[in-house]
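Asks: Would you mind keeping the following structure in view while I ask a few things?
The values are calculated or read from the model by the stated rules, or taken from the named source; none is laboratory data. Model, not experiment: these values are computed from the prediction. Cβ atoms come from the backbone with ideal geometry, glycine included; neighbour counts cover every protein chain shown. With ligands, DNA and RNA removed, areas are computed over all heavy atoms of the protein, side chains included. Shrake-Rupley method; radii C 1.70, N 1.55, O 1.52, S 1.80 Å.
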Amino acid sequence: MEFGKSLSSNRGNIAIWAAIILTFTLPCTCKTSFAQEQDDEIQKRLERVLQALPKVIPNEMSKEKIPGCAIAIVHRGKIKMLQGYGFANVDSKQKVDPKNSVFRIGSISKAVTFLALAKLCTERGIALDKNVFEIADNLPKTASRHGPVSIEHLFQHTGGFDQIGTNRVFKSPDSRPRLGPFLQRELRTIRPAGQLPCYDTYGPTLAGYLIEKLSGTDYSSYMQKRFFASCGMEHSYVEVPKKNRNQLVTGYGVTNDKLVPQAYEYYATTPASSIDSTAHDMAQLLKAILTSHSEGESKVFPTSLIKAIHEPSKHGNSEMPSFKYGFWEMFRRGNTSHPILYHGGQVDGYSAGLYMVPSKKFGVFIAVNRNSETGPRVRMTDDIPLGIIDRIFGFKPARIVGEIEPFATDSKQVAGIYLSNLYCHTKFEGDGWPDRGRPIKVESAGSGKIKIMGEIFIAVDPLTYRNPKSQEVVLFHQRPDKTICGKSYNFHAPGTTYEKIDMRLVKEVFGDQPSEPNPLRAIVLRLTGHWKEAAEIYQKHAVSVAGDRLSGPWAYYRAGTCLIEASAFRTAEKMLLAARQQFQQFESGRSKFTTATFASIARNMRNRTNESLVIALVAQKKFAEAEKVVVNASTEFGSEAKRWIKSFSKDKRMKRLFEMPSVKKIIE
């Protein structure tokens, strides 16, 4: 499955760059302002980093079970490093060639598609504030129900589209719909454009369709003949054709600690997911993007586009990272003067990362032939570029503000439950992406003060709150009627926006007469503690689909977990048993709707269902039945089940269960 951005924590940077510190004694730059760095000093650091990388990269590849890697580093219009490591194919021992070995770059495709559309619009004299529905005038009313969406909204990931997520992956290119029919079926807005950022797959897909409408040719042909050719990207493709498949490195997963080749994925969201390229070609793209006006204009992109990429963002709060032509903006260590633009990408068997510091005309691209869906998490596609940037440019942490005088405002208006808005709002889980992450509670702590996860934030204006003990800032977003609809953090990626969970959200998405049973109403009720009401909605949906769709067992699972919270353990047990049975049907292929992706999801959900089922059984003192579930889960799911089994061992309510020899043996 294709994922969005992939940005790991700083944990990896510490481990990776310890090797450089031990190998080379570098001057400490912590007290040196980023803006005051001299070019000759930067060049010295760059050379030291280039000397260290041939040791660092293979070491990280070994830790993360990665067979092959390619990396390119660009500075001031020149390729400073272009190197391959390891194997393009493990069995044949074919080595990675950074000029000719093609990797899948996954969601980095989104930003590349946006650049292509921006270039085309500039060439055609089309303003970025033009309504996309005037260009693609054959899309359904659900796509424009909340009003116009501009091209620039697409670039900023503020188009307001729902992130459905399912029915996008196909076994062959012949079985999937073209962009137009796919968008006619799936594109829908859930909020007015410009209101909230949300990392978006459907906006970039629409951008690819706009390229087709404006150019009169299909997206793939335009990218191949017009865009890639203009950038000097000779081995880049929208899905590498079969005649060139010998260039494609083999993508791997990890099963039972062994590398296993992964099947090539075909996406209906092609412009957002499906560009394949080499490290050399991506270096050519970086050179075109990072061209300095003082060193001569880019031969690829118009001056206005290059200038916009290099200049600070002009939309939103200046302390908040945003999206720029689809790239994520990062204020490294709170530094807003020299933002990093980046994007990650993962599809089955591949991971990649592209990082730029436009103000320094510096960029890094890295790709590997394994992704994080199986085996150890792939971190090096984020940690290596960030480590390089840190060691060369020496980011100085921003000053901590200290004591703040609260702005007089009623903090109760922002209090409530918030959830990351990257999920499907208009379909039940299983038919659309599930809501991800845990909800966050914002509490009023007096006039001009709020509490978030134990930390106090002080108001500096009606919608902006600052943590005086750190550099963290929270910005709340308003609807036109002044009600609060979401919040963003300056330390989080710009797409990690949280929306306020209340019935206003249901009305905004569905209007005054929402469909029933309603998936978003169920989420709101569940997250605000109305367990029985939520369970009733989930049960109605599960019965209505009768196991024909993956959302059926998922709804039974949600009903069961809600009823556990409501202490209705007997009914919860029935719901969870029904969920487990139907997940098994999808997993085994007995359902006519089963795909490889659905089978994998069903297996994971069946394991989670077992976890909840044990809680319901123990609450009813059905210890023998709970024992059977635990033992069978341990045998079938191995370490995946043992994690939750071990967590139960610390629960006093589970004491009798863990006194049973068969269960005790599992955790020993």
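Asks: Read through the list (1) in contact with a strand residue (DSSP E or B) (Cβ under 8 Å, 6 or more places away or on another chain); (2) surrounded by fewer than 24 Cβ atoms within 10 Å (Cβ to Cβ), then give the number of the only condition that Val368 fails.
Replies: Only one criterion in (1) in contact with a strand residue (DSSP E or B) (Cβ under 8 Å, 6 or more places away or on another chain); (2) surrounded by fewer than 24 Cβ atoms within 10 Å (Cβ to Cβ) is unmet by Val368, namely (2).
Asks: Could you list, in sequence order, all residues of the range 506-543 that are among the small types (Gly, Ala, Ser) and either modelled with pLDDT of 95 or more or buried (at least 21 other Cβ atoms within 10 Å of the Cβ) (or both)?
Replies: Across the range 506-543, the qualifying residues are Ala522, Gly529, Ala534, Ala535, Ala542.
Asks: Name, by its number, the condition in (1) touching a strand residue (DSSP E or B) at 6+ places or on another chain (Cβ under 9 Å); (2) free of Cβ contacts under 8 Å to residues at least 60 places away in the same chain; (3) open to solvent by 10 Å² or more (accessible area, probe 1.4 Å); (4) part of a loop (DSSP other than H, G, I, E, B) that does not hold for Thr217.
Replies: Unmet condition: (1).
Asks: Quick one: Leu286 ticks every box in (1) assigned to a helix (DSSP H, G or I); (2) modelled with pLDDT under 90; (3) among the aliphatic types (A, V, I, L, M) bar one, so which box is it?
Replies: The failed condition is (2).
Asks: Return the residues of the range 521-548 that are assigned to a helix (DSSP H, G or I) and either of a type in the set (A, V, I, L, M, F, W, C) or touching a strand residue (DSSP E or B) at 6+ places or on another chain (Cβ under 9 Å) (or both); say none if nothing qualifies.
Replies: Once the filter is applied, which keeps residues that are assigned to a helix (DSSP H, G or I) and either of a type in the set (A, V, I, L, M, F, W, C) or touching a strand residue (DSSP E or B) at 6+ places or on another chain (Cβ under 9 Å) (or both), the range 521-548 yields Ala522, Ile523, Val524, Leu525, Leu527, Trp531, Ala534, Ala535, Ile537, Ala542, Val543, Val545.
Asks: So which residues in the range 177-194 are in a helix (DSSP H, G or I) and either over 18 Å from Ile135 (Cβ atoms) or not hydrophobic (A, V, I, L, M, F, W, C) (or both), if there are any at all?
Replies: Result: Gly180, Pro181, Gln184, Arg185, Glu186.
Asks: Pairs please, first residue from the range 503-518 and within 14 Å of Asp162 (Cβ to Cβ) and part of a helix (DSSP H, G or I), second anywhere and charged (D, E, K, R) and open to solvent by 30 Å² or more (accessible area, probe 1.4 Å), Cβ atoms under 8 Å, 6+ apart in sequence or on different chains.
Replies: Val506/Arg521
Asks: Report yes if Pro197 is surrounded by fewer than 20 Cβ atoms within 10 Å (Cβ to Cβ) and either of a type outside the set (A, V, I, L, M, F, W, C) or not in a loop (DSSP other than H, G, I, E, B) (or both), otherwise no. Quick ask: steps written out before the conclusion?
Replies: Working: surrounded by fewer than 20 Cβ atoms within 10 Å (Cβ to Cβ): no; either of a type outside the set (A, V, I, L, M, F, W, C) or not in a loop (DSSP other than H, G, I, E, B) (or both): yes.
No: the conditions fail for Pro197.
Asks: Is there any pair linking a residue in the range 77-104 that is under 28 Å from Ser359 (Cα atoms) and modelled with pLDDT of 95 or more to one that is open to solvent by 60 Å² or more (accessible area, probe 1.4 Å) and assigned to a loop (DSSP other than H, G, I, E, B), with Cβ under 8 Å and at least six apart or on different chains, and which?
Replies: So the pair list comes out as Leu82/Lys99.
Asks: Being touching a residue at least 12 places away in the same chain (Cβ under 8 Å) and either open to solvent by 70 Å² or more (accessible area, probe 1.4 Å) or of a type in the set (S, T, N, Q) (or both) is the filter here; which residues of the range 161-174 pass it?
Replies: Gln163, Thr166, Asn167, Lys171, Ser172
Asks: Kindly check whether there is at least one residue in the range 324-337 that is among the acidic types (Asp, Glu), at pLDDT below 90 and either surrounded by fewer than 24 Cβ atoms within 10 Å (Cβ to Cβ) or on the phi > 0 side of the Ramachandran plot (or both).
Replies: No - not one qualifying residue is present in the range 324-337.
Asks: Every residue in the range 124-147 that is out of contact with any helix residue (DSSP H, G or I) (no Cβ under 6 Å at 6 or more places or on another chain), surrounded by 10 or more Cβ atoms within 10 Å (Cβ to Cβ) and small (Gly, Ala, Ser), please.
Replies: Selection gives Ala127, Ala143, Gly147.
Asks: Here's a follow-up. Picking from Ala572, Ala555, Ala542, Ala535, which residue would you name as being in contact (Cβ under 8 Å) with a residue 24 or more places away in the chain, among the hydrophobic types (A, V, I, L, M, F, W, C) and in contact with a His (Cβ under 8 Å, 6 or more places away or on another chain)?
Replies: On the way: Ala572 fails: in contact with a His (Cβ under 8 Å, 6 or more places away or on another chain); Ala542 fails: in contact with a His (Cβ under 8 Å, 6 or more places away or on another chain); Ala535 fails: in contact with a His (Cβ under 8 Å, 6 or more places away or on another chain).
Answer to the selection: Ala555.
Asks: Under 9 Å by Cβ, and 6 or more places apart or on different chains, what pairs join a residue from the range 443-454 that is over 14 Å from Arg466 (Cβ atoms) with one that is among the basic types (Lys, Arg) and surrounded by 15 or more Cβ atoms within 10 Å (Cβ to Cβ)?
Replies: Glu443/Lys451; Ser444/Lys451
Asks: Continuing with this model, one more query. Count, please, the residues in the range 222-256 that happen to be more than 23 Å from the chain's Cα centre (by Cα), in contact (Cβ under 8 Å) with a residue 40 or more places away in the chain and at positive phi.
Replies: 1
Asks: Could you grab me the full set of residues in the range 431-475 that are in contact with a Gly (Cβ under 7 Å, 6 or more places away or on another chain) and not hydrophobic (A, V, I, L, M, F, W, C)?
Replies: Gly432, Pro468, Gln471
Asks: Related question: For Pro434, only one of the following conditions fails: (1) part of a strand (DSSP E or B); (2) surrounded by fewer than 19 Cβ atoms within 10 Å (Cβ to Cβ). What is its number?
Replies: The failed condition is (1).
Asks: For the range 338-349, which residues satisfy the criterion of being farther than 22 Å from Tyr489 by Cβ and either open to solvent by 10 Å² or more (accessible area, probe 1.4 Å) or among the polar types (S, T, N, Q) (or both)?
Replies: Across the range 338-349, the qualifying residues are Gln346, Asp348.
Asks: Quick one: count up the residues across the range 51-84 that are open to solvent by 30 Å² or more (accessible area, probe 1.4 Å) and more than 29 Å from Gly253 (Cα to Cα). Talk me through it step by step, then tell me what you get.
Replies: Initial filter on the range 51-84 (open to solvent by 30 Å² or more (accessible area, probe 1.4 Å)): 51, 54-55, 58-59, 62-63, 65, 76-80, 82-83.
Next, from what is left, pick out any that are more than 29 Å from Gly253 (Cα to Cα): 51, 76-80.
Qualifying residue count, the range 51-84: 6.
Asks: Within the range 202-213, does at least one residue satisfy the condition of being small (Gly, Ala, Ser) and either more than 26 Å from the chain's Cα centre (by Cα) or surrounded by fewer than 23 Cβ atoms within 10 Å (Cβ to Cβ) (or both)?
Replies: No: the range 202-213 contains no residue that is small (Gly, Ala, Ser) and either more than 26 Å from the chain's Cα centre (by Cα) or surrounded by fewer than 23 Cβ atoms within 10 Å (Cβ to Cβ) (or both).
Asks: Check whether at least one residue in the range 299-314 is in a strand (DSSP E or B) and of a type in the set (Phe, Trp, Tyr), and report yes or no.
Replies: Checked the range 299-314: no residue is in a strand (DSSP E or B) and of a type in the set (Phe, Trp, Tyr).
Asks: Consider Tyr264 carefully, then state whether it is aromatic (Phe, Trp, Tyr), open to solvent by 30 Å² or more (accessible area, probe 1.4 Å) and within 20 Å of Glu373 (Cα to Cα).
Replies: Judged against the criteria, Tyr264 is a match.
Asks: Ser551 - would you say it is in contact with a strand residue (DSSP E or B) (Cβ under 8 Å, 6 or more places away or on another chain) and open to solvent by less than 60 Å² (accessible area, probe 1.4 Å)? Let's see the steps before the verdict.
Replies: Values: in contact with a strand residue (DSSP E or B) (Cβ under 8 Å, 6 or more places away or on another chain): yes; open to solvent by less than 60 Å² (accessible area, probe 1.4 Å): yes.
Yes.
Asks: Right, here's the next one. Working carefully through the options Ala555, Ala559, find the one that is more than 23 Å from Ile190 (Cα to Cα), of a type in the set (Gly, Ala, Ser) and touching a helix residue (DSSP H, G or I) at 6+ places or on another chain (Cβ under 6 Å).
Replies: After applying the criteria, what remains is Ala559.
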